[in-house]
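J.: One structure follows; several queries about it will come next.
The values are calculated or read from the model by the stated rules, or taken from the named source; none is laboratory data. Source: prediction; values computed, not measured. For neighbour counting, all protein chains shown are included, and Cβ atoms are generated from backbone atoms with ideal geometry for every residue, glycine included.
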Amino acid sequence: MKLRDSRGFSLIELAIYIALLGMIAALLTPLIISMFNGQKTVSTLTTAASESQNATTVLHADIRNARELRVGGTNGSWLSASIAQGTNGWQCVRWRFDAAGHTLSRTTWPEGTAFPAGARGVIANNVTTQGSTNPFSLAAGTGTATATGTVTYSLRVGGIDMSGKASNRAAAAGSATCFA
């Protein structure tokens, strides 16, 4: 009887090792895919929460500091205000919900000048309305300017509800260019 040479593996041993590695890889693949999907979900929700918190904070500040407010556009798709610009007077601000692009934008321009077409600062992406409600509404009604009022807003940013009410503190007539 001839003794086996111990310098290598037989073909059967290699086949068994490859089969075992294949089974281990098959068991670990769903775990790795699940880990990447979980990370993507967490990242998406974190971004949505951050955008909605930022938008809510700035929107509340704009409404509180407005001397006049107006909601307009199709189904209340925009909110315009004449707001204090520190000690430099007043500026116009327009919040706009774009249903086609699913964005919420904020545009500012000096009071007394025309609305800057095309200049929009996107505040949040992946934005929708909540149900069939208008994104912005004002007790005075759509298209009506009011010196004092409470704005109700109802939006969803990436699955996170962004809804509430805010009232302004100042009360005076603003420039008509803010509401054109």
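J.: State which residue is modelled with the lowest pLDDT when the search covers only the stretch 100-119 and only residues that are in a loop (DSSP other than H, G, I, E, B) and farther than 19 Å from Gln85 by Cβ.
T.: Filtering the stretch 100-119 for residues that are in a loop (DSSP other than H, G, I, E, B) and farther than 19 Å from Gln85 by Cβ, the one modelled with the lowest pLDDT comes out as Gly118.
J.: Looking at Ser105, Ser137, which is the one that is without any contact (Cβ under 8 Å) to a residue 24 or more places away in the chain, of a type in the set (S, T, N, Q) and on the phi < 0 side of the Ramachandran plot?
T.: Ser105
Conditions tested, residue by residue: (1) in a helix (DSSP H, G or I); (2) touching an Asp or Glu at 6+ places or on another chain (Cβ under 9 Å); (3) within 17 Å of Arg106 (Cβ to Cβ).
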| site | (1), (2), (3) |
| --- | --- |
| Ala19 | yes, no, no |
| Gly22 | yes, no, no |
| Leu31 | yes, no, no |
| Met35 | yes, no, no |
| Lys40 | yes, no, no |
| Thr44 | yes, no, no |
| Ala48 | yes, no, no |
| Asp62 | yes, no, yes |
| Val71 | no, no, yes |
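J.: Given the options Leu69, Leu21, Leu31, Leu27, name the one that is at pLDDT 85 or above and either crowded, with 20+ Cβ neighbours inside 10 Å or within 30 Å of Arg120 (Cβ to Cβ) (or both). Show your work before the answer.
T.: On the way: Leu21 fails: either crowded, with 20+ Cβ neighbours inside 10 Å or within 30 Å of Arg120 (Cβ to Cβ) (or both); Leu31 fails: either crowded, with 20+ Cβ neighbours inside 10 Å or within 30 Å of Arg120 (Cβ to Cβ) (or both); Leu27 fails: either crowded, with 20+ Cβ neighbours inside 10 Å or within 30 Å of Arg120 (Cβ to Cβ) (or both).
None of the others qualify; the one that does is Leu69.
J.: Does Ser52 fit the bill of being of a type in the set (Gly, Ala, Ser), more than 15 Å from Ala124 (Cβ to Cβ), at pLDDT below 90 and under 25 Å from the mean Cα position of the chain (by Cα)?
T.: Values: of a type in the set (Gly, Ala, Ser): yes; more than 15 Å from Ala124 (Cβ to Cβ): no; at pLDDT below 90: yes; under 25 Å from the mean Cα position of the chain (by Cα): yes.
When the stated conditions are applied, Ser52 does not pass them.
J.: In the stretch 129-162, which residues are exposed (fewer than 15 other Cβ atoms within 10 Å of the Cβ) and modelled with pLDDT of 85 or more?
T.: Asp161
J.: Follow-up question, since we're still on this one. Every residue in the stretch 73-107 that is surrounded by 15 or more Cβ atoms within 10 Å (Cβ to Cβ), more than 25 Å from Ile160 (Cα to Cα) and not aromatic (Phe, Trp, Tyr), please.
T.: Ala81, Ser82, Ile83, Ala84, Gln85, Gln91, Cys92
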